[in-house]
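Worksheet for the structure shown next.
Values in this text are rule-based calculations from the coordinates and carry no lab data. As the structure is a prediction and not an experimental result, all values here were calculated from the model. Cβ placement follows ideal geometry from the backbone for every residue including glycine, while neighbour counts extend to all protein chains displayed.
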Amino acid sequence: MDLVLTLLAVPLITSVAYFLLSKEPVLGRRVLAASHGMVLLAAMGYAFAASHWSTFGTSDVYIWPFYTLLALFLVAVGYAFVGFKGTRLVHVLQLLQLGSALPLALIGAMAIAHDSI
C-alpha cells in the first residue's frame, strides 16, 4: 500500500511544482499547464470507484472512461511542454510522473477488471 501511495503522490507533487513555478499571469492557462497530475489522479479515483460497480462481465463498460482519462492525461502532459511558462528544468519531473503513470494505469485497469497478477 505504501508503494501505491508513493505512486499517487508523484502526480500531485508534479502538478503543484508546475503551478508554483509557472510565470504565466493568466490563472486559467497556469492551471491548464499544471493539470496533468490532477487528470491522472482523477483517472485513478475513477478506477477505484468503478471497481466497486463493475463485475467480471461488465468491466468493458467501465474501462473506457478510464482509458479516456489516461489519454487526456497524455494530452495534458503534451500541453505542459508547450504551454508552461517558466524554467524548463521542471520538465524533468515528467520522467518521474510518466514512470509512476505506467504502474498506476496497470493497477487501475486491474482494479476495474477485477484481475490480479
Of all residues making up the range 8-34, the number that are crowded, with 19+ Cβ neighbours inside 10 Å and in contact with a Leu (Cβ under 9 Å, 6 or more places away or on another chain): 6
SER51, sole failed condition from (1) surrounded by 12 or more Cβ atoms within 10 Å (Cβ to Cβ); (2) in contact (Cβ under 8 Å) with a residue 60 or more places away in the chain; (3) closer than 15 Å to VAL90 by Cβ: (3)
Residue within the range 70-84 that is over 20 Å from PHE19 (Cβ atoms) and either in contact with a strand residue (DSSP E or B) (Cβ under 8 Å, 6 or more places away or on another chain) or surrounded by 16 or more Cβ atoms within 10 Å (Cβ to Cβ) (or both) present: yes
For GLY45: the one exception among (1) touching a residue at least 12 places away in the same chain (Cβ under 8 Å); (2) within 15 Å of the chain's Cα centre (by Cα): (1)
